[in-house]
Structure formats: structure tokens, C-alpha cells
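Presented below is the structure to which this report refers.
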Amino acid sequence: MLELTTRKVLVGVAGDEDATGAIAYAAQEARRRGCGVHLVSIVHPVATSAEAASFNVLEGMLHSASASALHQAQRQLTHELGDEVAVTTEVIHGAVVPTLVALSAHAAVVVLQRQPRDGARIPTLSVTSGVAGRSHVPVVAVPVGWLATATATTDTDGAVLPVLVGLSDPIAGERVVRLALEEARARQAPLRVLHTWHFTDHYDDLVFEGEAGTRHETQLLADVTERLAPLLEEFPDVATLVRTQHAHVADALQAASGQAQLLVVGRHRSRIPLGRHLGSTTRAVLREARCPVMVVDPVPAVVRPDRAPELQQVGGPAT
């Protein structure tokens, strides 16, 4: 089981999906935090027949695939980290999203591999979205094809790529910016704060054309900078640039993510238990950002591990 005394980087590994990028990111995160890595694969079998034998065979196949994926992931981490940090593995029987959310109460951060999607931007359900919307700690979604190479953290001229944070409300988003500043400090990277504004296409074209739009954006930049000033003063070692942009927020963040090493966004705090916990912007950047995306809770809930659902372990830590 995931150790409760020392928080680790928690990585979800599926038996039938590539997790190379997530494993590489987890290795970097473990080095930065000076902690271990816990790899978990969750078996959630689906009965294909009323016969118990068929169910047992399917469960056995899924368990075998999960164990194999964990072994491969552990080998990759050991190759990258050597004996620097402890790497443990675990196979758990249960529902994927609730299990990962329960485990997150004892983790430092959750790292998941984003899987490729086809088609236009439409609302979708996924493990990444489900976990990011309810996790007790920040969740990082690593895009397909991401590699832990120099190009992931520096541009073509060798300059360190910034950490990018999307800011919708300077007041409500203070914790999001604080966590982004902490990430930038840990990476010795600059921070870029992007605040976008947009009302409606027709309204904006009529009201904010020409000088009116320039005045509005200038005033908005001044207001945002003033609001963030006390927080930014706490991080004098982080070079921070605040920008405002007239654009749809998801489009602007997606475009800017191509020149960032990490994008930090806040999730939506639903007023009802079954409400949406991410928001359309966060869902969009989770699917389309070109760099890893960290989703954080602007107003973290009190962690109550004693209320976490009971998990049935079907495979112990690897040695």
C-alpha cells in the first residue's frame, strides 16, 4: 500500500496504455521533491459472462497485464533514477477514478499520462479529468509524446522555458498563482501569468475596437498587477511577467503552452457534490495543451483520509 508517513509521487499506470511520458515526468518530480515514487495499476474487471469462471479468467488477464505494465514502469524509473529514490508498485482491485482519488490523500502529487484523442473539442469523460476534478493534491497530466529532454525545459536558444499559469480571477486565483510560483522556483524558471478577457465576439468587436480595447487592456493589466504585487514580493527570486490578452482563454493557454515547460490551472469548485469539478477551460487545456498541465484546487478541501473508501489490494509492493 502507499506509505502514509512519507508523501510520494503517485503515478497511475494502465496495463494497456503507454505511460512513458508520465514515468519520465515522475522521475524529474521525485528528484525535485526528494521523495519516492509509487506506481499503481488498478484492475476494474467487467463481467462478460454470467459464469464465474469467465469472470475469473478476465480478472486474471487484467491483473497480469497490470503487473507487467508496473514492472516495465519500475524498470524505466530505476534506469533513470538508479538508487536515488525508492520506487514501489501496487496492483489494486477497484474503480479507477475513486481509487486514485482516495490514494491522492496520501500523495505529494498525482501524475497521469494523457491519452490521444481524435475529433473536435467536445466535453468528454476520462480518468485524467475525473481524478483532476476531485484529487486532494495537484494532478499533472503529461501529453503523449512528451519526453524529459532539454527541449522540454529550454527553447531553441537555450533559454529556460517559463512556467505558465492561467489566471481568471486575481483574487480567487491567488493560490493557483502561489503554487505556480513555487513550481517556477523549484525549476529555477521564470513565471508567466496570463490573464485573458473576452465577453462575446459581437460585443467585443463593437465596444473594444481600436483605442477602447487598448485602454481596457491597459487598465486590466494594471489592476491584475496591483492585485498580485504582495504575492509576487514573496518570490523575489522568480522572474515574473504578467500579461493580459483579449482572447478565448482556452485558445490562448493552448497556444502559449507551446512555449512553456508546465501549465498550471485551477479547477472549478462545484457547489453540488455531483456537479462539474473542472470547468470547460481546464478540460480543454487538459486535452490540448502541448506541455504537462498541473490542475490545482484554488480552495483545497480538508483531507480526511479516515473517510477514504476501503481499497482491496491484490498485489503487493515490488521489491
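Read-outs throughout are calculated quantities, based only on the coordinates presented, and are distinct from any laboratory measurement. Computed from a predicted structure; not experimentally measured. As a convention, Cβ positions derive from the backbone with ideal geometry for all residues, glycine included, and neighbour counts pool all protein chains shown.
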message = Take residue 6 and residue 211, extend 7 Å from each Cα along the Cα→Cβ direction, and tell me the distance between the two endpoints in nm.
response = 6.4
ask   = Full extension from residue 280 to residue 78: what is 0.36 nm times the residue separation minus their Cα-Cα distance, to one decimal in nm?
value = 69.0 nm
message = Can you give me the long-range amide H partners of residue 246? Hydrogens built in the peptide plane at 1.01 Å from N, cutoff under 5 Å, separation of 5 or more residues or another chain.
response = 197
key: Computed lengthening from residue 155 to residue 44, 0.36 nm per intervening residue step minus Cα-Cα distance   = 35.8 nm
key: Cβ-defined net charge surrounding residue 232, 13 Å radius [Lys, Arg +1; Asp, Glu -1]   = -2
ask   = Using 0.36 nm per residue, how much length does the chain from residue 144 to residue 241 gain when fully extended, once their Cα-Cα distance is taken away?
value = 32.1 nm
